[in-house]
Amino acid sequence: MPRNAALEAKQKNQTQSAAPSADDVDKIRDIIFGGQMREYASRFDQLEKNVNQKIERLSRDLEKRFEQLTQRLSTEKEERKSIDATNRGQLRNLEKLIKTKLAETDERVSAEVEELHGVLEEGQEALGELVDKARSELGKSLAADMARLERHKLASKDLAQLFTEVARTLRQDSK
């Protein structure tokens, strides 16, 4: 009977093999592909581990850089505030200096204008005196020339009479 039992067990296995269950399929798959699947799973686990490590490292680097940039921006902001305050102070000082210089220049120009005005008035008075003197001298000279012309005019009249008499005499002699 042992042979029969072996045949029966074999037939039983074949009938069970004809309708394999899900567990059997998994076992067969594990037998055929088990080593490769475990190797792939190990590789995927290693890749996932590497990717996660790189992501963590990049995340830390980004956080570090972001913190550095934030700190740098903060420092830059403070420096610019300081520079702005210094520039404002310098601009106020320059404004005061310019106002002072302009006031001084305005006073100097006003004084020079007053001085020039005085000089022009003096020059105008002197010029007026010169014009009056020249007018007086010209009047005197003109009067003297007029008197001389009058004297010559009389002499011309006398000459005219003399020529008239000579002409009469010559006429009478020629007749």
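Quick notes on this one:
- Selection from 66, 167, 119 lying farthest towards where the dipole of the chain points positive, charges on Cβ: 66
- Projecting the Cα positions of 50, 149, 134 onto the charge dipole of the chain (unit charges on Cβ atoms of Lys, Arg, Asp and Glu, taken about the Cα centre) puts 50 furthest along the positive direction.
- Long-range tail of P(r) for the stretch 29-118 (Cα pairs > 22 Å, %): 70 percent
- Computed about its Cα centre, the charge dipole of the stretch 16-74 is approximately 500 debye, with only Lys, Arg, Asp and Glu carrying charge at their Cβ.
- Under the convention that each Lys and Arg Cβ holds +1 and each Asp and Glu Cβ holds -1, the size of the dipole of the stretch 32-174 around its Cα centre is about 1000 debye.
- Whole-Å distance, taken between Cα centres, linking the stretch 31-66 and the stretch 114-175: 131 Å
- Averaging 1/r across all pairs of distinct Cα atoms in the chain and inverting the result yields a Kirkwood radius of 33.1 Å.
- One equal scatterer on each Cα of the stretch 55-103, no solvent, Debye formula: the resulting log10 I(q)/I(0) at q = 0.21, 0.23, 0.30, 0.33 Å⁻¹ is -0.75, -0.80, -0.96, -1.02.
- Within a Gaussian network of the chain (alpha carbon springs, distance under 10 Å), most fluctuating of 28, 83, 55: 28
- The residues neighbouring residue 87, those whose beta-carbon lies less than 14 Å from its own, together hold a net charge of +1 under the Lys/Arg +1, Asp/Glu -1 convention.
- Angstrom value of the Kirkwood radius, inverse mean 1/r, which spans all Cα pairs in the stretch 67-142: 18.5 Å
- Considering only 67, 76, 150, the Gaussian network model of the chain with Cα springs below 10 Å gives its largest mean-square fluctuation to 150.
Computed from the coordinates by the stated procedures, all read-outs in this text should not be read as laboratory data. Everything quoted here is computed from the prediction, not taken from an experiment. With ideal geometry, Cβ positions are generated from the backbone for all residues, glycine too; neighbour counts draw on all protein chains shown.
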